[in-house]
Amino acid sequence: MSWISTLTPLHWALFSLIPIGIILLYFLKLRREAVEVPSTFLWKKTIEDLHVNSLLQRLRRSILLFLQLLIVALAAFAMLRPGVRGETSSQGRLVFLIDTSASMQTTDVDDDANRFERAKRLVSERIEAMSDSETAMLVSFSDRAEVLQSFTSDRNRLRDALARAEVTNRPTDVLGALKAADGLANPRRTSEAGDVNDVQVADAMPADLLLYSDGGFQTVTEFDLGNLTPTYIPIGSGDVTNLAITAFSAERNIEKPEQVQIFATVLNLGTGQASATATLTLDDELLDASSVDLPVGEQAGLSFSIESEEAISLKLALDIKDNLAIDNVAYAALTPMRNVSVLVVTPGNTPLEMALSTSKAGKICQSEFVPPEFMATDSYKQRSEAGNDDLIIYDRCSPETMPRTNTFFIGALPSNKVSNTDGTTNDAWKWKSEPSGVALIDMDRTHPLMRYLELFSLLIFQGRSVEGPAGSTELLGADIGPMLTIAPRDGYQDLVLGFELISSDADGATQTNTNWYAERSWPVFILNVLRYLAGAAEVSGAPSYTPGDTVRLRVESAISNVDVQRLGDKTTSIPVGPSGVTEIVETDSPGNYRVKSGERIVDMFSINLFNRSESTIAATESIELGYESVEGKVAGVEKRQEYWRWLLLGMLAILATEWWVFGRRVG
């Protein structure tokens, strides 16, 4: 038998006054007024009673007093919550890990709204079954872990923490939650093993790790459980139905920007064949529909074509009621058509002028050519500090201070002076070799700048290898070292080409340094530069992020704040940094988001799940944790049998008996 007090010591002290008061009432004797009535002289004993003047009388046996004291005693026992709990294998410390990822919204459980609600109920039952000597902590996890309650034996705190837990739309990463539990059970040392000063910072405290999840996370092998004893409670069924949209995008045709191509992928990640109708809507107006009928594990590609020159918000929805609803809807957006602004600082470069004046380049950019002397003017300084241009190309020249925009250097290095918040200088960019002949040997074909390029037939008469700052990426390699390198800079990117297109001889006469300008790859490369560095690709299709991601956008530095709105929700105002960079963190809800300055749309992005692991919702029977396989255990908690309800019923029965006895005495 164990007891759980529901009152504090002060409340018990006040409660103890109740039986004392009842007993005192039976000691009290009423004072009677002397009234002469002739008939009373016939009763001598009664007359003698009238002469008693004492306040208290001797306590006599009374069934009413006994029943009232019994009622108070039963109430006291009920508030102590007596109960019996069976034997358990608990080590005294419990770590509850509850999965709050998107897959926990699956509706394949009986008697609960979804898997997450089932997990909360099971955790609640285990909290109620805790003994007085047990302590527990509660950790929720999706793509990040959150300690909702540190170790405590107070059930009320654990209940409140559990009530705060909410299911999310995010993917799953259990490693962070395991590390939170690992900090208690496996304390670290002050230094490496073998050091004479090495001491244990805390005593190891073994704990039971109770993991409530559907198992939809990566295998965790590089983790040592140590003093943690894992128990996996699988939530959900292995027989599910789920069609998922795993990809959805829209982009404009570069040659005909008013034409919009839309692509989507639908995948059957359930355990049986499923069919549905995919409907495409534009700002809630139905545009098109297509049917899909897929066996298990198969996918279907969908494509649509529309015409629009304005900013549009697209939505693709599957008309099916399966076990997971969040991946039945996907979002995509397009910003309105606009040209990017490119400033070219050059003493003269005909191949560059020709590449920027092609019909395709002319549709996506407005270019302006100025001589190097222009960099000494106030107009240039204001222009570079304000970041008015989307891209500045420096041909055989370099500015004194780097501008607040992306740059492309041809045959020159960026300045060591940076125009950022701290104003520091560094020797980030260097030439690694002296001028010499160049033979290209390697290329990063995965980078957007290098798409559709074939460069190994180029003739380069003279060039120098480039050494970039920390975080730089080599895009084109030669026998003498990196020849094309890109590196980040305070929210911007700098691209450096190690050879000139046009050079000057000893007499100052202009001569060609490469045959690249005569190859078809040259205008293609310039288009890639415009799309990637100048941001022309961004105007053709809004990017998509995962729920919970931090969206980092660069807007005009002249804008002090922007309004961010998920379509259908309220608008949130977010400040813009001095370099035109803003970060948006409230991205938990899928949908299309618009970033506006006043009434003008400056950017758009979408939030979608697009996570095959989360959409694979069949619950796993076992998981891999810390080099061992943990089999799923049927969730069953040996509940504590409490008797306070029976005590209250007995108290009510005795109270009814007391009223019956009192009624008979009065009658």
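Conditions tested, residue by residue: (1) closer than 23 Å to P414 by Cα; (2) not in a strand (DSSP E or B).
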position	(1), (2)
Q493	yes, no
V496	yes, no
A506	no, yes
Q511	no, no
F525	yes, yes
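For C397, the conditions (1) closer than 20 Å to G498 by Cα; (2) touching a Leu at 6+ places or on another chain (Cβ under 8 Å); (3) part of a loop (DSSP other than H, G, I, E, B); (4) in contact (Cβ under 8 Å) with a residue 40 or more places away in the chain are fulfilled apart from (2). Selection within region 575-589: residues that are open to solvent by less than 50 Å² (accessible area, probe 1.4 Å) and assigned to a strand (DSSP E or B). The member of this set that is nearest to P488 (Cα to Cα) is V581.
Inspect region 562-574 for any residue being open to solvent by less than 50 Å² (accessible area, probe 1.4 Å) and either assigned to a loop (DSSP other than H, G, I, E, B) or in contact (Cβ under 8 Å) with a residue 60 or more places away in the chain (or both) and give the result as yes or no. Within region 562-574 (the criterion being open to solvent by less than 50 Å² (accessible area, probe 1.4 Å) and either assigned to a loop (DSSP other than H, G, I, E, B) or in contact (Cβ under 8 Å) with a residue 60 or more places away in the chain (or both)), the answer is no, since none of the residues qualifies. Scanning region 263-286 for residues being touching a residue at least 12 places away in the same chain (Cβ under 8 Å) and open to solvent by 60 Å² or more (accessible area, probe 1.4 Å) gives a total of 6. Checked against the criterion of being open to solvent by 80 Å² or more (accessible area, probe 1.4 Å) and either under 29 Å from S503 (Cβ atoms) or in contact with a Lys or Arg (Cβ under 6 Å, 6 or more places away or on another chain) (or both), the candidates P347, P372 yield just one match: P347. Within region 355-381, residues that are among the basic types (K, R) sit with their Cβ atoms under 8 Å from residues that are open to solvent by less than 50 Å² (accessible area, probe 1.4 Å), at 6+ positions apart or across chains, in these pairs: K360/I254; K360/P523; K360/L527; K363/I254; K363/P257. Inspection of region 457-473 finds no residue satisfying the criterion of being out of contact with any Lys or Arg (no Cβ under 8 Å at 6 or more places or on another chain) and under 16 Å from I393 (Cα atoms).
Residue check: P257 meets all listed conditions (1) open to solvent by less than 60 Å² (accessible area, probe 1.4 Å); (2) under 28 Å from the mean Cα position of the chain (by Cα); (3) at pLDDT below 90 but one, namely (2).
Of the residues in region 291-302, not one is within 30 Å of R520 (Cα to Cα) and crowded, with 21+ Cβ neighbours inside 10 Å.
Inspect all residues belonging to region 214-221 and state whether any of them is open to solvent by 10 Å² or more (accessible area, probe 1.4 Å) and among the charged types (D, E, K, R). No, because not a single residue in region 214-221 is open to solvent by 10 Å² or more (accessible area, probe 1.4 Å) and among the charged types (D, E, K, R).
When you scan region 439-455, how many residues do you find that are of a type in the set (D, E, K, R) and buried (at least 16 other Cβ atoms within 10 Å of the Cβ)?
Adding up the residues that qualify gives 0.
Restricting attention to region 509-542, the residues that are surrounded by 20 or more Cβ atoms within 10 Å (Cβ to Cβ), modelled with pLDDT of 90 or more and of a type in the set (S, T, Y) add up to 1. Based on this model, can you work out whether T485 counts as under 18 Å from A355 (Cα atoms), under 50 Å from the mean Cα position of the chain (by Cα) and β-branched (V, I, T)? So T485 does not fit the description; no.
Scanning region 456-478 for residues that are open to solvent by 50 Å² or more (accessible area, probe 1.4 Å), touching a Leu at 6+ places or on another chain (Cβ under 8 Å) and not in a strand (DSSP E or B) yields one hit, F456.
The values are calculated or read from the model by the stated rules, or taken from the named source; none is laboratory data. Small disclaimer: the values here were computed from a predicted structure and weren't measured. Note that each Cβ is placed from the backbone with ideal geometry, even for glycine, and that neighbours are counted across all protein chains shown. With ligands, DNA and RNA removed, areas are computed over all heavy atoms of the protein, side chains included. Shrake-Rupley method; radii C 1.70, N 1.55, O 1.52, S 1.80 Å.
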